[in-house]
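Please treat every number below as a calculation from the coordinates, not as lab data. All values reported here derive from a predicted model rather than from experimental measurement. Heads up, the Cβs are rebuilt from the backbone with ideal geometry, glycines too, and the neighbour counts pull from every protein chain shown.
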Amino acid sequence: MADKNIICTHCKKQVAIEKHVLDSIEEELWNRYAAALSVKKNLLLGYVKNLAASEKDLTKIWELLEKEIEAALSLEKEPVKKTVLNCWEFKKCGREPGGAKVKELGVCPAAVEQKAAGINRGTCGGRACWAIAGTFCGGKVQGTFAQKLASCLSCEFYKKVAEEEGRHYQSSKEILDKLHPPNYSI
């Protein structure tokens, strides 16, 4: 018994179709629609996760920049007049000339960088290590200033120097200007 007529897409004639066949076709179409919707949903969820990860990265960078700004604002304070430590003394890395790890790891560039002598009251580059390429922190060589900036901005020694030097703190830009000619790119 025919419950409904449909128009054939090929011959354009009305064709009788039984209800159970119609129900079967409708169920198949809904299943296909649900499967396609699920695929699109998963794609969108992937895009959202990627955006969230990118947002996290940007948030970390923003937080580091805020800390740098905070440090710059704290420069209004006078430095505490006391003996200060160089990075190798604070970190106890043993890479200063004559240090315990020189044979194994070599002398750290910060420990011998004469152009940085006196910056932030340090010996050689001992209180400007974040701006000196090739320093060794966290168990590996850190690379150029640009490559290690994020790591250095969160370093306890970097924060300590900024706090101790107060308004006399010499910024990364000032240090780089002393270490490299004006047309040097980082």
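Working note: 222 nm ellipticity from helices only, DSSP H runs with n ≥ 4, each -39,500 (n - 2.57), summed and divided by the residues of the chain, gives -16500 deg cm²/dmol to the nearest 500. Backbone phi angles across the stretch 156-161, fed through the Karplus curve with coefficients 6.51, -1.76 and 1.60 (θ = phi - 60°), yield HN-Hα couplings of 5, 5, 4, 5, 4, 4 Hz in residue order; Gly and Pro are listed as x.
I want the local charge near ALA100. Using Cβ-Cβ distances under 15 Å, sum +1 for each Lys or Arg and -1 for each Asp or Glu among the other residues.
+2
Remark on the chain: Rg and Dmax equal 32.6, 102 Å (Cα only).
If you put +1 on each Lys and Arg Cβ and -1 on each Asp and Glu Cβ, how big is the dipole of the stretch 78-179 around its Cα centre, in Debye rounded to 20? Kindly include the intermediate steps, with their values, before the conclusion.
Details: 17 positive and 11 negative charges, 32 e Å.
Here the size comes out at about 160 debye.
For a test of understanding, tell me how many lysine pairs in the stretch 78-179 have Cα atoms under 14 Å apart, given they are 8 or more places apart or on different chains. Lysine pairs meeting both conditions in the stretch 78-179 amount to 10. Percent of Cα pairs in the stretch 27-123 per distance bin of 5 Å, from zero to the largest separation: 3, 10, 9, 10, 10, 9, 10, 7, 6, 5, 5, 4, 4, 4, 3, 1, 0.
Pairwise inverse Cα distances across the stretch 15-76, averaged and inverted, put the Kirkwood hydrodynamic radius at 16.4 Å.
Once the convex hull of all Cα atoms in the stretch 78-179 is built, its volume per residue stands at 88 Å³. Relative to the dominant Cα principal axis of the chain, helix 19-73 is inclined by about 10°. Sparse packing (at most 13 other Cβ atoms within 10 Å of the Cβ) combined with a DSSP loop state is found for the following trypsin sites (Lys or Arg not before Pro) in the stretch 11-44: LYS12, LYS13.
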